[in-house]
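Below is one structure, written out as structure tokens, with a few remarks after it.
The values are calculated or read from the model by the stated rules, or taken from the named source; none is laboratory data. In this text the structure is predicted, and so the values were computed from the model without any measurement. Ideal geometry is used to build each Cβ from the backbone, glycine not excepted, and the neighbour counts take in all protein chains shown. Only protein heavy atoms, including side chains, enter the accessible area calculation; ligands, DNA and RNA are left aside. Shrake-Rupley method; radii C 1.70, N 1.55, O 1.52, S 1.80 Å.
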Amino acid sequence: MVAATEQVKKLVKAKHFQIYDLHVLQRCPVGRVAETLNVSVAQIYVVKHRVGRLMRRAIQAIEKQE
């Protein structure tokens, strides 16, 4: 998981990874993330979907290599 996270972190904008990290990895509520980072709730869900897809692909690639 750590290797996949580092790979994806290099592929996306820092702000997008910050959104994903707070909401998905640290399990902060959407409202708090939106308020903290001054972004819309819709943007959080879009970023969650897009970065989540990249995370799944990175994890699958790492599992194939092992």
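Looking only at residues in segment 13-51 that are in a helix (DSSP H, G or I) and either charged (D, E, K, R) or touching a residue at least 60 places away in the same chain (Cβ under 8 Å) (or both), the one that is least open to solvent (accessible area, probe 1.4 Å) is D21. For a quick check of your reading of the model, give me the residue pairs whose first member lies in segment 1-12 and is open to solvent by 90 Å² or more (accessible area, probe 1.4 Å), whose second is modelled with pLDDT of 95 or more and not hydrophobic (A, V, I, L, M, F, W, C), with beta-carbon atoms closer than 9 Å and at least 6 apart or on different chains. So the pair list comes out as K9/D21.
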